[in-house]
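The values are calculated or read from the model by the stated rules, or taken from the named source; none is laboratory data. Predicted model, so just to flag it, every value in this text is computed and none were measured. With ideal geometry, Cβ positions are generated from the backbone for all residues, glycine too; neighbour counts draw on all protein chains shown. Surface areas here come from the heavy atoms of the whole protein model, side chains and all, with no ligands, DNA or RNA. Shrake-Rupley method; radii C 1.70, N 1.55, O 1.52, S 1.80 Å.
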Amino acid sequence: MKKYWTLVLSLVLVFSILSACSQGSPGGNASNGADGDSTSKNDGPKKYAFIFKNTGNPYGEKMMEGFEEAINEIGGEAILRAPDQPTAEGQIQIIEQLITQQVDSIVISGNDPDALQPALTKAMDAGIEVISVDSAVNTDSRVTHVNQADPEAIGRIQIEAVSEMIGGKGQIAVLSATSQATNQNLWIEYMQKELEKPEYKDIELVKVAYGDDLRDKSVSETEALLKTYPDLKAIIAPTTVGIAAAGKVLTDKGLGGKIALTGLGLPSEMASYIESGVSPWMYLWNPIDVGYSSGFTAAALVEGDMEGKAGDTFEAGRLGEKAVVEDGDGTQVMLGEPFKFDKENIGEWKDVY
Ligand code: RAM
């Protein structure tokens, strides 16, 4: 009797191994390009990697949440990575590992526009679809970019806001992320352009400080601004880490109502400062949707549904159809408008992101 069951079990085992092997390749959607000759790449679910700027940033975690949601809907495997520090070197190491892992796509929020080019070009040469999101890499280092909102509008509204908050007069400072962050640098460029308009002639931008998207450094940079510029009237922090750190410093020092704070913040981190008036209002978009869109952008490329060229369109799950448009000598997928958060609506959003 025992022999009989051993035989049955062995046959079942042989059968399942054979059927697993036959499900492997031809049934899957072989993507075109250089991955055609790689050995294991097309077996099993497609591998979609996401690299954020650094660990410990709730904004990055929300983007990853949206990305993972998209990849689960697609039936792929999501790989979520970030270096400890927001540096190009840390991201290069991760890119090299992902190339070895033969992922199908890399979506990256870049810590530098140019320094990642050799690693990302190597990835693309290996047949990996590379997309930047949130913080762009240069157009030679990517197939396309997923942009959260129009950078000109993001820069302009922060100057309009700060001007209204301080009555169009006085010293202001910017507390940014890292000095290499493409997204913040572009937004600051548009802020500076906006400041050239005659209506802002009495506003002086005294300093752009860098908190590197690290909480402690952002706190000490805020403290340094207050010390160096005793007449400072407002701080603009176009980074969720920076604005939350500045909110804490201004609150702890009892400077609410004396020094205005605005910028780009997560409602979950900023609700108390908005409610207390330390930050009368601020802006952002939905980071979950940004990550989600980037997942569908990657899938459309991997599955060969589009090439990332201007005029291409693709389905982005619950967000509907998205279009690829021109971006200088490259392309991008442009999402919504920045959204204003104030005392009226912060309560609705603080539990969402
Ligand atoms: C920080 C990061 C991110 C940026 C947001 C607004 O979390 O720098 O890249 O998009 O702020």
(message) What's the number of the only condition in (1) open to solvent by 20 Å² or more (accessible area, probe 1.4 Å); (2) under 21 Å from the mean Cα position of the chain (by Cα); (3) farther than 20 Å from residue 61 by Cα that residue 289 fails to meet?
(response) (3)
(message) Out of the residues in region 134-169 meeting the condition of being within 18 Å of the chain's Cα centre (by Cα) and in a helix (DSSP H, G or I), tell me which one is nearest to the ligand (Cβ to nearest atom).
(response) 154
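Quick one: is residue 53 within 19 Å of the chain's Cα centre (by Cα), among the basic types (Lys, Arg) and not in a helix (DSSP H, G or I)?
Details: within 19 Å of the chain's Cα centre (by Cα): yes; among the basic types (Lys, Arg): yes; not in a helix (DSSP H, G or I): yes.
Yes; evaluated as a whole, the condition is true for this residue.
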(request) Determine, yes or no, whether residue 257 is in a loop (DSSP other than H, G, I, E, B) and at positive phi. (result) yes
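Evaluate the following for residue 310: is it more than 16 Å from the ligand (Cβ to nearest atom), crowded, with 20+ Cβ neighbours inside 10 Å and not aromatic (Phe, Trp, Tyr)?
On the way: more than 16 Å from the ligand (Cβ to nearest atom): yes; crowded, with 20+ Cβ neighbours inside 10 Å: no; not aromatic (Phe, Trp, Tyr): yes.
Criteria not met by residue 310.
For region 243-278, how many residues are more than 14 Å from the ligand (Cβ to nearest atom) and crowded, with 21+ Cβ neighbours inside 10 Å? Spell out how you get there, then give the answer.
At the first step, the residues of region 243-278 found to be more than 14 Å from the ligand (Cβ to nearest atom) are 248-261, 271-278.
Filter once more, so that each one left must be crowded, with 21+ Cβ neighbours inside 10 Å: 249-250, 259-261, 273-274, 278.
Residues in region 243-278 being more than 14 Å from the ligand (Cβ to nearest atom) and crowded, with 21+ Cβ neighbours inside 10 Å: 8 in total.
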(message) Just to check your reading of the model, which residue among 314, 296 is aromatic (Phe, Trp, Tyr), in the same structural domain as residue 127 (by TED's automatic domain parsing) and assigned to a helix (DSSP H, G or I)?
(response) 296
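Condition (residue is assigned to a loop (DSSP other than H, G, I, E, B), loosely packed, with under 14 Cβ neighbours inside 10 Å and assigned by TED's automatic domain parsing to the domain that holds residue 109) applied to region 323-332: is it met by at least one residue? Give the derivation first.
Pass one, region 323-332, residues assigned to a loop (DSSP other than H, G, I, E, B): 328-329.
Keeping just the survivors that are loosely packed, with under 14 Cβ neighbours inside 10 Å gives 328-329.
Checking the rest, the ones that are also assigned by TED's automatic domain parsing to the domain that holds residue 109 come to 328-329.
The answer is yes; a qualifying residue exists.
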(message) Could you list, ordered by first residue, the pairs with Cβ atoms under 7 Å in which the first is in region 112-129 and under 14 Å from residue 87 (Cα atoms) and assigned to a loop (DSSP other than H, G, I, E, B) and the second is of a type outside the set (A, V, I, L, M) and open to solvent by 40 Å² or more (accessible area, probe 1.4 Å), at least 6 apart or interchain?
(response) 112/180
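Give the residues of region 73-132 that are among the charged types (D, E, K, R) and open to solvent by less than 10 Å² (accessible area, probe 1.4 Å), sorted by residue number.
Taking region 73-132 first, the residues among the charged types (D, E, K, R) are 73, 77, 81, 84, 89, 96, 104, 112, 114, 122, 125, 129.
Within region 73-132, 104 is the sole residue that qualifies.
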(request) Only one of these is within 24 Å of the chain's Cα centre (by Cα), more than 12 Å from the ligand (Cβ to nearest atom) and either within 30 Å of residue 83 (Cβ to Cβ) or crowded, with 19+ Cβ neighbours inside 10 Å (or both): 172, 235. Name it. (result) 235
